[in-house]
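Accompanying notes for the structure given below.
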Amino acid sequence: MRLRHQQLPVPAGGLPPAFAGGRAVALATTMALASALLTACADSDATGSDATDTVSVGVAGNVFDVPLRVADTRGYFRKHGLKVDFVTVTATTGTPSLESGSLQFLNSSPTGFLDALARGVRETAVGVDGLGNPLGLVVSKDFARRHGLTANSPSDEVARALAGSVGGFSSANTRAESEIFLKDSKVEPDKVTWVPLPNPSADRAALRAGRIDWFVTSEPLPLQIQESGDGVVVANSHTVVEWGGSYAGYGQIVVTRRSYARQHAAVVRKFMAAVREGTSYLYEHINEPSVVPVAKKALPGVPGPVVRASVEEVEWPWFADMESEVWRKTVDFVRDLGALPEGADITPEDWSNEYLR
């Protein structure tokens, strides 16, 4: 805000004696008023619609980051007076970074959030930006050929073919998600020979080398393997009911420190307003090619067709509101995975929709 200085005309005969005698007082009063106005302008610029608050958000470099990238690319954060710095974190570094204050927000899995709560970390979930588990079960081309499996094979047929096979897994969660799928199709998990591997990239290498017949992990890796011709995705969250949002509940949530939410409620509301617009855009435009260039920012190096198919694996919510019933499903699903820490549960103090209003 600029103060414009205007030179007032001096009456003929000079200033009146009363004004001339009080000139110093008047000048001091004018300067004080100008100072007050400048201060008011500064405060207005810091808190008004033109203000820009910079916040850091932790992301994992997976398909659940897409709504945040949409919100950034389409200017939703900027519209709400925010500048966002994206920081790539892992399952082990995300929560400590949030608690240290180096992050203001964390795009978190429910498993990570529940684990933090069980350890007494005072976090709060302030919105949901993805539902379900975008998983893919990819088999080697040779295994698919021998068992007559294709991308369109019924899930029960796929499960029966896995009896007697060699399955890879790189985390307790992906093995548990595989076992949930097998059990639902009446195939006992102990009929599979399980091979532990250090990470999904090692799963891929083992599949290519013929050491394993199949594995399950989050997209886009299974679809990338299929795109490269090294395997076939024969089950996903569309064909396996237990991996979908209606069964598994929340897939990704936005988390912040409780103390930060109390002290910076306006910033949290701005952030979630932008995220909500990002998820709503995906909800409306999920099948449109225009989504791909934006999504590729969350999935750099991934081919366009794989990006598009991966985005379509997630159920993007029209609203970011959370519900007690869906939280119950989420906790039950994490318990089914065997990943629920002892004593962990969700209480009304652990999540809030008040920052979505």
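The values are calculated or read from the model by the stated rules, or taken from the named source; none is laboratory data. Since the structure is predicted, the reported quantities are computational estimates derived from the model, not experimental observations. Every residue, glycine among them, receives a Cβ derived from its backbone with ideal geometry; neighbour counts consider all protein chains shown. Please note that ligands, DNA and RNA were not included when accessible areas were found on the heavy atoms of the full protein model with its side chains. Shrake-Rupley method; radii C 1.70, N 1.55, O 1.52, S 1.80 Å.
Span-like helix check, the chain: qualifying full DSSP H segments, with Cα axial length of 15 Å or more and mean Kyte-Doolittle of 0.0 or more, are 23-47, 265-285.
Please report the net charge: other residues with Cβ closer than 12 Å to the Cβ of ALA274, K and R +1, D and E -1. Charge balance in the 12 Å sphere: +4. With Cα atoms as the point set, the radius of gyration and Dmax of segment 77-223 evaluate to 18.8, 57 Å. Shape call for segment 126-191 from the C-alpha gyration tensor, a ≥ b ≥ c root eigenvalues: rounded (a/c under 1.5), prolate (a/b greater than b/c) or oblate? Verdict is prolate for segment 126-191. Kirkwood Rh, Cα Rg: Rg to Rh for segment 165-280? Looking at segment 165-280, the ratio lands at 1.11.
Near VAL139, once Lys and Arg are set to +1 and Asp and Glu to -1 for all other residues with Cβ below 14 Å from its Cβ, the sum equals +2. When shorter helices are ignored and each DSSP H run of at least 4 residues is given -39500 (n - 2.57), the per-residue value for the chain at 222 nm works out to -13500 deg cm²/dmol.
Ranked by the mean number of other Cβ atoms within 10 Å of their residues, highest first, the peptides 78-84, 228-234 come out as 228-234, 78-84. Overall shape: oblate for segment 213-357, with the ratio a/c of the largest to smallest alpha carbon gyration tensor axis at 1.5 or above and b/c at least equal to a/b. Computed from the alpha carbon atoms alone, the convex hull of the chain holds 165 Å³ per residue. Of the beta bridges in the chain, as assigned by DSSP with both residues counted there, near 55 percent are antiparallel. Calculated accessible area for the chain comes out at 49 Å² per residue, all protein chains present (probe 1.4 Å; ligands, DNA, RNA ignored).
Think of the chain as a dipole: +1 on every Lys or Arg Cβ, -1 on every Asp or Glu Cβ, centred on the Cα centre; then among VAL275, PRO196, SER185, VAL275 lies furthest on the positive end. Peptides 96-107, 271-282, ordered by how many other C-beta atoms sit within 10 Å of their residues on average, highest first, read 271-282, 96-107. Normalised size of segment 170-226, defined as Cα radius of gyration per 2.2 N^0.38 Å with N residues, equals 1.11. Counted by Cβ distance under 14 Å from THR90, the other residues give a net charge of -2, where Lys and Arg count +1 and Asp and Glu count -1.
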